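See below for the structure under consideration.
What follows is calculated from the coordinates using simple rules that are stated; it is not laboratory data. Since the structure is predicted, the reported quantities are computational estimates derived from the model, not experimental observations. Methodologically, a virtual Cβ is constructed for each residue, glycine included, from the backbone with ideal geometry; neighbour enumeration extends over all protein chains shown.
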């Protein structure tokens with residue numbers, strides 16, 4: 001049931017993005033992420049495993065965290081005045097953003113078969129990738145509402161937006177080890193140092209950068225993973 005709420009949120013978000021209601025669409029992505037978290041949390045708490053639940057979860061994630069961020073970036077590029085969308089060639093460029101949805105689907109299918117990804121991840125999880133792209137898109141497209149200073153200028157740069165496509169696709173299917181936020185071995189500090197450090201630094205980023213701290217949190221997540229998980233391997 002919770003998984004279906006994730007899928008429903010993502011489906012409505014697709015409509016909202018295409019209608020230009022990006023703020024509402026982003027809120028729905030946030031709701032989908034919450035539903036996705038509680039879906040896994042309840043499954044672990046109740047010790048319930050279901051084959052159909054696992055597949056349905058991936059299908060929901062393809063929509064909420066694959067198609068939706070791809071459409072966010074598609075709309076952002078299409079509306080970027082620097083692209084010169086009236087020209088035939090450059091008018092096709094925004095469609096490359098849809099590759100993010102395709103690579104997200106591949107990552108989720110591979111995740112279901114990869115036995116290594118139980119307590120940690122390989123590659124950037126689709127929810128984290130979606131949050132990164134959606135938050136940057138909001139900062140760039142809704143600048144008066146989400147004024148993030150230098151981050152706004154960065155997010156609004158055409159070359160940055162174009163670079164997001166190959167970078168996102170690569171991170172999704174890379175073999176980079178990344179830590180999971182789930183406290184599967186209790187809440188003790190010794191076995192969860194990385195998680196507590198991440199949560200503390202995330203709060204600080206939000207305090208100092210407000211909404212602009214959200215994409216920075218994802219960047220920090222990747223950097224911490226490179227240092228901590230890389231040492232374990």
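With springs only between Cα atoms under 10 Å apart, run a GNM on the chain and tell me which of 149, 188, 66 wobbles the most.
Most flexible of the set in this elastic network: 188.
Describe numerically, in nm with one decimal, the distance between label points set 7 Å from Cα along Cα→Cβ at residue 182 and at residue 119.
1.3
Here are some values of semi-axes √(5λ) of the Cα gyration tensor in Å: (1) 34, 18, 16; (2) 29, 21, 17; (3) 38, 21, 15. Which one was computed from this structure?
(2)
How high is the relative contact order of the chain, given as a whole-number percent (alpha carbon pairs under 8 Å, six or more residues apart)? Intermediate values should be presented prior to the final figure.
Details: 288 pairs, mean separation 44.6, N = 233.
It rounds to 19 percent for the chain.
Going highest first, how would you order 196-203, 168-175 by mean Cβ packing within 10 Å?
Values: 196-203: 14.1, 168-175: 17.0.
Result, highest mean first: 168-175, 196-203.
Among 211, 187, 110, determine the one that fluctuates most according to a GNM of the chain built with springs between C-alpha atoms less than 10 Å apart.
Result: 187 has the largest fluctuation of those listed.
Which FRET efficiency, nearest 0.05, do residue 109 and residue 24 yield, Cβ-Cβ r, R0 45 Å? All intermediate terms of the calculation are to be shown ahead of the outcome.
Details: r = 30 Å, r/R0 = 0.66.
Efficiency, rounded to the nearest 0.05: 0.95.
Taking the simple approach of a point 7 Å from Cα along Cα-to-Cβ for both residue 15 and residue 167, what is their distance in nm?
Calculated label separation equals 3.3 nm.
Please work out the C-alpha center-to-center distance from segment 1-40 to segment 107-137 and express it in whole Å.
17
Could you tell me the calculated FRET efficiency between residue 154 and residue 102, based on Cβ-Cβ distance and R0 = 30 angstrom, to the nearest 0.05? Write out the running numbers ahead of the final one.
Values: r = 26 Å, r/R0 = 0.86.
That pair, residue 154 with residue 102, gives E of 0.70.
Going by alpha carbons, how many degrees (0 to 90, nearest 10) lie between the helix axis of 2-18 and the longest principal axis of the chain?
Around 10 degrees separate the two axes.
Which of these, 223, 75, 16, has the largest mean-square fluctuation under a Gaussian network model of the chain (Cα springs below 10 Å)?
223
On a 0 to 90° scale, report how tilted helix 193-209 is relative to the longest principal axis of the chain, with both axes built from alpha carbons and the result rounded to the nearest 10.
30
To the nearest 10 degrees, how steep is helix 158-173 against the longest Cα principal axis of the chain, on a 0 to 90 scale?
30
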